[in-house]
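A short worksheet on the structure shown next.
The values are calculated or read from the model by the stated rules, or taken from the named source; none is laboratory data. All of these numbers come straight from a predicted model, not from anything done at the bench. Cβ coordinates were reconstructed from backbone atoms using ideal geometry, including for glycine residues, and neighbour counts include every protein chain displayed.
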Amino acid sequence: MTPLVISAGTAISAAGAGIDALRAALQSRRSGLTPCDFAGLATGFVGRVEGVEAHALPDALARFDCRNNRLADMALRLDGFAGAVTQAASFYGPARIGVVVGTSTSGILSAEDACLAHDRETGALPADFDQSHTQDLFSLPRYVAAALDLGGPLLTVSNACASSSRAFVDARYWIETGLCDAVVVGGADSLCRMTLLGFASLGLVAPTATRPCDADRQGISIGEGAGFALLEREGARDARTAAGIFARFLGYGASSDGHHMSSPDPEGRGAAVAMQAALERAGLAPEDIGYINLHGTGTLVNDAMEDTAVAAVFGTAVPCSSTKGWTGHTLGASGIVETMIAAIVLRDGLLPGCLNVTSIDPAFRSRVLDRNVKKSVRHVMSNAFGFGGTNCSLIFGAAP
Amino acid sequence: MKIGVRGLGLWGPGLAGWKQGQAVLRGNVPLADAELPPPAPACLPPNERRRCGPVTRLALAAAAEACVHADMDPAELASVFATSNGDGPVVNAILSAIVAGAGEVSPTQFHNSVHNAAAGYWTIGHGSIAPATALGCYDWSFAQGLMRAAAEAVIEKRPVLFVAYDQPIPGPIGTVRITRSAFACALVLDPDGAGHMQLDLQYGAGRMDDDTLEIDRLNDMAHFNPAARSLPLLAAIARGDATQVRLTCRPGHLTVRLS
C-alpha cells in the first residue's frame, strides 16, 4: 500500500495523560492498574483514568456529556493534538478531514445510569438522558468533529476489542478513495458496569493485576482510554509537529476467526492471516519487524493463541510483548493507545517488556520480553483481536 | 466511486425477500401488513442458532439471500455490517440485570452484546476468515455503510457483502430510541462493475434530506428504522431506473447515480 503518515498523536489511559506521561510510565515500568472501585464493583484490577469525573466538556457541546466523550475530550486537549488538527484544517479545509473512530460501548454508562434512575412508577427515563449524544456509537465521532470543528465524513467502527485498530483500515479507505485528505483516527472506551460484569461472568477477569504471557496468568484487567492520530498522505505538506509523534502507517491485515463468539481459534489461523496480510501490504519480510506489540490480554486462551500465530509467522526471534500490564485492556481503545506506544518504540528505541511476569509461559515459542530493552527498530507490528472472532494487525514505520 | 450490484437481499414488514419485495417496490403488488419472522439461519449449527438473537437472524437472512442472488460463496466474501441499535433485546436484558442489582449478567448475552455479533455469527456459520467490519452510525448507518463497503471493494479490488439491519429496542431505551419494525437489506458490491445495476457514489458536504417514496408507509418505515433508509435506493434498483437517489450521510449527503 502507499504509506500514510501519522503527523500528530495523543493518548490517555491509566498509564498516563499524554505521550510524555505514557513514555515515562513505560520507561519506569510503572503500572496504572489499581483494585477496582468503579460503580461499587470490586472486579479485579482496573486501569482507571484520573480526573474524568471532574472534566467538563465545552458548554456548547454539553449534550454530548458522558464518560466516553469526556475521555475523548481529555485526549484531544493533550499533546498539542487539537492544534495540529487546526493546522491541517487550515491547509486542507475542514470538510476534507474525516473522523473515523472505534469504540465498543461508547457512552453505555449513561444508559446504565439512566436506567438505574428511571421512574419506578411510570418507567420513564430521566428527562436529561440524551441517548443519541451519549450511549449511541455515533456520538463519539460527532463529538470529536464538533470539538475540532471538522466537517468531513464520520464513521464509527465497532469490532469489539479490535475497534480502533480497524479504524486505521477504514481511514485508509477514506483517504485512498479521495473522500478525505486527512482523517482523525482513533477511539475511546470507558469503564462501565456492563463490561466489568460481562467479562467477570465469562470468568476472564484476573483477581490481581493482569499478567500477560505469564505461566500463571489468570485473565484481564479492564481499562479505559482514548487516543487519536492525524493520518494523511505522505509528502502532502510539511506536517511534523512539536508534539513529537510521527510514524508511517505501512500495512494492515484484517481477518475473522470464523470459530467462536468469545473464544479465539486456538490454532490462531485468522490471527496469522491478519499478520501475514499486514506484512504483504507493507512489502516487508517477517525479519523486518523489530518489535510486536501483542494484543496480550492476559487470558489463558488469547495469549496462547497469539503466541502460536506469532511463532507461525515470525518464528522465535522477533521481540514481542504486551503492554496491558500498564494500561489494562482498554477494549476498543487498545488499538489507538498501543499505536501511540508503537510510535514511542519507533522514536525512542524503548521496547517495553511485559509487566507482572514471574515466569513466561514455558509453552510459548515466540520471544516474549519481560524486561525493557533498548534497541533501535524501524518497523513495529501492533495486534488486536476481539469477540466475534475479529483480528487486525497494523504495521508502523519510523520516520524516513 | 463506481460499483456494480451483483445480488440483493431484503427482509422487512411486507417485504419477505428481494423477489417479493421488488414487486412491491416497483408498485406492482400492494405492501402487505404482515411482519414475518425471518427464516432461521441455515449456515449456523443448532447450538449457535439457539444462542444468536433475532437481530442476527434478521441480518443473516438478508446476507444469505444476497449471496445466493449473486451466486457467490459467502465464505470468500469480505463483509460490512451496519446497524444503529445492534442487539437491542440483549442490551436491554443486560441493563435490566444491572438495574435488578443482582451483580450478574449472562455470559452468552454479554458476548452477543458486541456490535459485531451478527458479523461474528456470519463468519462462524461459514467458517470464513474474510474480514467482517461492524459499523454503527445512528440514522445514517445505511448510507455510511454503503460508502464504506464500496470503498473497500474499490480499494481492495474484490467484491464486498454489505448488510444493513436494525430492529426495535425493547425496554426503557426503546422509549427514547424509537425503531418501529425490523428491517434488513444486503447488497453484494462488485468493483469490476459486473452486476444487475451500476452505482456511482458521490459524497457531498452539506446536509440534505433523504429522497422520499410514493408509498407513504415505506416512508414511515424508512423514518423509523435506520436500515430502511435504504428504501429509496432499493426502489430505484427494483425499477431498474437510470436515476439518481440522495441519502443523508451526516454531516453530508450521498448521491447515488444508477445506470
Quick check on my filter: what residues within segment B:73-83 are outside any loop (DSSP other than H, G, I, E, B) and either surrounded by 23 or more Cβ atoms within 10 Å (Cβ to Cβ) or within 11 Å of chain A (Cβ to nearest Cβ) (or both)? B:PRO74, B:ALA75, B:ALA78, B:SER79, B:VAL80, B:PHE81, B:ALA82
Could you grab me the full set of residues in segment B:187-204 that are buried (at least 16 other Cβ atoms within 10 Å of the Cβ) and assigned to a loop (DSSP other than H, G, I, E, B)? B:PRO191, B:GLY195
Of the residues B:ALA130, B:ALA164, B:ALA149, B:ALA143, which single one is closer than 19 Å to A:LEU137 by Cβ, touching a residue at least 12 places away in the same chain (Cβ under 8 Å) and not in a helix (DSSP H, G or I)? B:ALA164
Restricting to segment A:20-56, name every residue that is hydrophobic (A, V, I, L, M, F, W, C) and in contact (Cβ under 8 Å) with a residue 24 or more places away in the chain. A:LEU22, A:ALA25, A:LEU26, A:LEU33, A:CYS36, A:PHE38, A:ALA39, A:LEU41, A:PHE45, A:VAL46, A:VAL49, A:VAL52
When you go through A:ASP59, A:ASP73, A:ASP20 one by one, which is the residue that is acidic (Asp, Glu), surrounded by fewer than 21 Cβ atoms within 10 Å (Cβ to Cβ), more than 30 Å from A:LYS375 (Cα to Cα) and assigned by TED's automatic domain parsing to the domain that holds A:ASP189? A:ASP59
Report, by residue number, each residue of segment B:101-118 that is within 7 Å of another protein chain (Cβ to nearest Cβ) and hydrophobic (A, V, I, L, M, F, W, C). B:VAL105, B:PHE110, B:VAL114, B:ALA117
Out of everything in segment A:144-168 that is surrounded by fewer than 24 Cβ atoms within 10 Å (Cβ to Cβ) and facing chain B (nearest Cβ under 8 Å), what residue ends up being farthest from the chain's Cα centre (by Cα)? A:GLY151
Here the qualifying pairs (Cβ atoms under 7 Å; residues six or more apart or on different chains; first in segment A:110-133 and part of a loop (DSSP other than H, G, I, E, B); second aliphatic (A, V, I, L, M) and surrounded by fewer than 19 Cβ atoms within 10 Å (Cβ to Cβ)) come out as A:HIS118/A:ALA124; A:LEU125/B:VAL176; A:PRO126/A:ALA117; A:PHE129/B:VAL176
Please count how many residues of segment A:76-100 are crowded, with 18+ Cβ neighbours inside 10 Å and within 21 Å of A:ARG48 (Cβ to Cβ). 3
Exactly one of B:ALA70, B:ALA63, B:ALA42 is crowded, with 23+ Cβ neighbours inside 10 Å, in contact (Cβ under 8 Å) with a residue 12 or more places away in the chain and under 27 Å from A:SER262 (Cβ atoms), and that one is B:ALA63
Among B:GLY125, B:GLY136, which is in contact with a Leu (Cβ under 6 Å, 6 or more places away or on another chain) and facing chain A (nearest Cβ under 7 Å)? B:GLY136
Answer yes or no: is there a residue in segment A:379-396 that is in a loop (DSSP other than H, G, I, E, B), surrounded by 19 or more Cβ atoms within 10 Å (Cβ to Cβ), of a type in the set (A, V, I, L, M) and at pLDDT 95 or above. no
One residue is enough: does segment A:257-264 have a residue meeting the conditions of a type in the set (S, T, N, Q), crowded, with 22+ Cβ neighbours inside 10 Å and in the same structural domain as A:ALA343 (by TED's automatic domain parsing)? no
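Table: residues versus (1) crowded, with 23+ Cβ neighbours inside 10 Å; (2) within 8 Å of another protein chain (Cβ to nearest Cβ); (3) modelled with pLDDT of 95 or more.
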| position | (1), (2), (3) |
| --- | --- |
| B:PRO131 | yes, yes, yes |
| B:LEU146 | yes, no, yes |
| B:PRO159 | yes, no, yes |
| B:TYR165 | yes, no, yes |
| B:PRO168 | no, no, yes |
Wholly within segment A:270-351, which helices (runs of 4 or more DSSP H) include no fewer than the required count, namely at least 2 residues that are within 14 Å of chain B (Cβ to nearest Cβ)? A:300-314
Which residues, counting only those in segment A:163-182, are part of a loop (DSSP other than H, G, I, E, B) and in contact with a helix residue (DSSP H, G or I) (Cβ under 9 Å, 6 or more places away or on another chain)? A:THR177, A:LEU179, A:CYS180, A:ASP181
Which residues, taken from segment B:84-124, are crowded, with 24+ Cβ neighbours inside 10 Å, among the hydroxyl-bearing types (Ser, Thr, Tyr) and touching a helix residue (DSSP H, G or I) at 6+ places or on another chain (Cβ under 6 Å)? B:SER84, B:SER113, B:TYR121
Run down A:THR43, A:THR103 and say which single residue is closer than 29 Å to A:PHE387 by Cβ, at pLDDT below 95 and either outside the structural domain of A:LEU154 (by TED's automatic domain parsing) or of a type outside the set (Asp, Glu) (or both). A:THR43
Quick check on my filter: what residues within segment A:219-239 are of a type outside the set (D, E, K, R) and either in a strand (DSSP E or B) or closer than 30 Å to A:LEU41 by Cα (or both)? A:GLY219, A:ILE220, A:SER221, A:ILE222, A:GLY223, A:GLY225, A:ALA226, A:GLY227, A:PHE228, A:ALA229, A:LEU230, A:LEU231
Being of a type in the set (A, V, I, L, M) and more than 8 Å from every other protein chain (Cβ to nearest Cβ) is the filter; apply it to segment A:113-143 and report the residue that is surrounded by the most Cβ atoms within 10 Å (Cβ to Cβ). A:LEU140
